[in-house]
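The values are calculated or read from the model by the stated rules, or taken from the named source; none is laboratory data. Everything numeric in this text was worked out from a predicted model, so none of it was measured. Here the Cβ positions follow ideal geometry from the backbone for every residue, glycine too, while neighbour counts run over all protein chains shown. The area values use the complete protein model at the heavy-atom level, side chains included, leaving out ligands, DNA and RNA. Shrake-Rupley method; radii C 1.70, N 1.55, O 1.52, S 1.80 Å.
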Number of protein chains: 2
Amino acid sequence: MTAARPFADVLQRLRSAGLRPTRQRLALAKLLLENGDRHVTAEQLHSEARQASIPVSLATVYNTLHQFTDAGLLREVVVAPGRSYFDTNTGDHHHFFYEESGRLEDIPGDQVVVGALPAAPSGTTIRRVDVIVRLGERE
Amino acid sequence: MTAARPFADVLQRLRSAGLRPTRQRLALAKLLLENGDRHVTAEQLHSEARQASIPVSLATVYNTLHQFTDAGLLREVVVAPGRSYFDTNTGDHHHFFYEESGRLEDIPGDQVVVGALPAAPSGTTIRRVDVIVRLGERE
DNA sequence: GCTAATTTTAGAACTCCTCTAAAGTATTGA
DNA sequence: TCAATACTTTAGAGGAGTTCTAAAATTAGC
């Protein structure tokens, strides 16, 4: 429980979310969580899995990504219509989005962005604050 | 140039964007810009136009929304996969998104949110900063 | 008006994503 | 350990939202 740490966590977290640790879920978790901070689309993860000889259907990739998101292992970031990323960094942080290339990247944590939060309208709570800094090429 | 002000502006702005002021574009501009701050989806605007007896195709609504966005008359806000709004307020401001109902709303301007901006990575410029405060029902 | 350039349109097509129902796999309890 | 049960995976169909296409209509310039 030292080197395989993040992976051991996954088993725990799947169980406590009521998710069976199936072959597919464990393999996808491995791809996602044992390679540092990542931002992947469902299609990307699907083709990555197949290249790694993990036969898994696209539907399962979508199911799994959403289940992991609900379980708090991932966070979904929507950057453009029809372009949705899943981020393995679930901590409080924000994103750079490169509009030309479509790349998404974490903003280093020390470069604070959010100052004062507005009051939530009555009857509501703030679930999350998403900040996306959209970048273009310097002209 | 007092009451019809925003509309007169539109003609100007269309022309300077190289867009002909066609019947459809003017009618959509009227719907969008003469009713205060609005957040509409393409489908919403399309059915609104047809109810107002403005025969316009969905393709034209999409074209027009994008052309207006490029011309700086609108701003696009993507809140969820397959849910994209066009905002008639092009000033510097941010949004509340009600996750239950799918509603999008401006955050009142005096409730400041963004503090320090991060430095743009080299070779890039910041085009825009989108802040979406996601709301849930208070439990 | 006449001509050329732009715009609109209906419908097909496309992308991303979800659903369906059947087959497969994991878990439970005897 | 093995059946019974519950959950999961899958391929392919289906759906939502958006873009494309090529032809018809409109607009602008002369």
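The table below lists the values:
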| quantity | calculated |
| --- | --- |
| Subset of region B:99-118 [over 20 Å from A:Arg127 (Cβ atoms) and more than 7 Å from chain A (Cβ to nearest Cβ)] | B:Gly109, B:Asp110 |
| Top-ranked residue in region B:113-127 [being within 23 Å of A:Ala116 (Cα to Cα) and surrounded by 13 or more Cβ atoms within 10 Å (Cβ to Cβ); ranked as modelled with the lowest pLDDT] | B:Val113 |
| Selection status of A:Arg75, closer than 23 Å to B:Tyr98 by Cβ and within 7 Å of chain B (Cβ to nearest Cβ) | no |
| A:Asp92 vs. criteria under 30 Å from B:Arg138 (Cα atoms), more than 16 Å from DNA strand C (Cβ to nearest atom), within 14 Å of chain B (Cβ to nearest Cβ) and modelled with pLDDT under 95 | yes |
| Unique match (being over 21 Å from B:Asp9 (Cβ atoms) and at the interface with chain A (Cβ under 8 Å from one of its Cβ atoms)) among B:Ala80, B:Ala42 | B:Ala80 |
| Residues located in region A:54-90, provided they are among the hydroxyl-bearing types (Ser, Thr, Tyr), within 15 Å of DNA strand D (Cβ to nearest atom) and over 11 Å from A:Val40 (Cα atoms) | A:Ser57, A:Thr60, A:Tyr62, A:Thr64, A:Thr69 |
| Residue ranges of strands (runs of 3 or more DSSP E) in region B:47-110 with at least 2 members buried (at least 19 other Cβ atoms within 10 Å of the Cβ) and touching a residue at least 40 places away in the same chain (Cβ under 8 Å) | B:83-87 |
| Flag if A:Arg25 is of a type in the set (Lys, Arg) and either within 16 Å of DNA strand D (Cβ to nearest atom) or touching a Lys or Arg at 6+ places or on another chain (Cβ under 7 Å) (or both) | yes |
| Selected residue (criterion: farthest from DNA strand C (Cβ to nearest atom)) from residues of region A:30-46 that are surrounded by 13 or more Cβ atoms within 10 Å (Cβ to Cβ) and more than 21 Å from A:Asp92 (Cα to Cα) | A:Leu31 |
| Subset of region B:128-139 (residues that are at the interface with another protein chain (Cβ under 7 Å from one of its Cβ atoms) and either of a type in the set (Gly, Ala, Ser) or open to solvent by 40 Å² or more (accessible area, probe 1.4 Å) (or both)) | B:Arg128, B:Gly136, B:Glu137, B:Arg138 |
| Candidate set: region A:111-139, residues that are part of a loop (DSSP other than H, G, I, E, B) and among the β-branched types (Val, Ile, Thr); chosen: the one nearest to B:Asp130 (Cα to Cα) | A:Val113 |
| Boolean, B:Glu76 is more than 13 Å from DNA strand C (Cβ to nearest atom) and in contact with a His (Cβ under 9 Å, 6 or more places away or on another chain) | yes |
